[in-house]
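Report on the structure given below.
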Amino acid sequence: MKQAMKTLETGYVGLIYLLAIIAVILFFLITAGIALEVFLRALGMPSIYGLVDFAEASIYAMAMLAAPWIQYHRAHVRVMVLPEALPPRARYLLELFTLTVCTVVCAILTYYAFDNFFVSVERDELIFGELIFPEWYLQWQAPVAFLLLAVGFARDLVLADADAPPTYETAKE
């Protein structure tokens, strides 16, 4: 059983790192594309066809693909006023409540994102701009991201330790 859990953990972490690397590659491509666009315009050359559409789609994709990695590293935004003011046991219970809510919300969002994705594929919906492409090219990221976020929050919930309530770098102890 421990080996199976370790294999699942390795696969989960590998997948979120792969998605984060894809997000970084998209960021690099947008940055390089914009720099090249500026250079071409300075030389009076034509602009790069579809760059704006690519940048718009990539910004959405980067947010979705990087989210599970950010959650795994606990680098997401947290407002710590209340947890820092609580004693350790109450802080632990608040953490459990928060992780439960996050897991449930992400599971619901996963369901609706998958539904939206399948409807888009079924209807063969297109996005029109300089580039024309199927809408599902963008829609697959949301169900994958929300599923991985739900798994990540559930994982944190299972691994939460009552004897070691969460501590925060900004906490004053």
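The values are calculated or read from the model by the stated rules, or taken from the named source; none is laboratory data. It should be emphasised that the depicted structure is a prediction, and the values quoted were computed from it without experimental measurement. With ideal geometry, Cβ positions are generated from the backbone for all residues, glycine too; neighbour counts draw on all protein chains shown. Heavy atoms of the whole protein, side chains included, go into the accessibility calculation; ligands, DNA and RNA do not. Shrake-Rupley method; radii C 1.70, N 1.55, O 1.52, S 1.80 Å.
Can you tell me the length gained on complete extension of the stretch Tyr137 to Arg74, counting 0.36 nm per residue apart and subtracting the Cα distance?
19.9 nm
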Quickly estimate the mean residue ellipticity at 222 nm for the chain, helices only: each DSSP H run with n ≥ 4 gives -39500 (n - 2.57), and the total goes over all residues, rounded to 500.
-> -25500 deg cm²/dmol
Here the relative contact order (percent) of the range 1-124, from C-alpha pairs under 8 Å and at least 6 apart, is 26 percent
Tell me, what % of the accessible area of the chain is carbon and sulfur with a 1.4 angstrom probe?
-> 72 percent
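Mind running the shape call on the range 1-89? Use the C-alpha gyration tensor, a ≥ b ≥ c as the square roots of the eigenvalues: rounded below 1.5 for a/c, prolate if a/b tops b/c, oblate otherwise.
Oblate, because a/c is 1.5 or more while a/b does not exceed b/c.
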Farthest positive-ward along the range 1-132 dipole, Cα basis, beta-carbon charges - from Leu131, His76, Val105 = His76
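Which value results for Rg/Rh of the chain when Rg is the Cα radius of gyration and Rh the Kirkwood radius based on the inverse mean 1/r? Kindly include the intermediate steps, with their values, before the conclusion.
Values: Rg = 20.5 Å, Rh = 18.8 Å.
Reported Rg/Rh (Cα atoms, Kirkwood Rh): 1.09.
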For the range 47-131, rounded, prolate or oblate, judged on the Cα gyration tensor with a ≥ b ≥ c (square roots of eigenvalues), a/c < 1.5 rounded, else prolate if a/b > b/c?
-> oblate
For the chain, accessible area per residue (1.4 Å probe, heavy atoms of protein chains only), Å² = 66 Å²
So how far, in whole Å, is the C-alpha centre of the range 1-70 from the one of the range 90-114?
-> 26 Å
Could you state the angle between the C-alpha long axis of helix 2-42 and the longest principal axis of the C-alpha atoms of the chain, as a value from 0 to 90 degrees rounded to the nearest 10?
-> 40 degrees
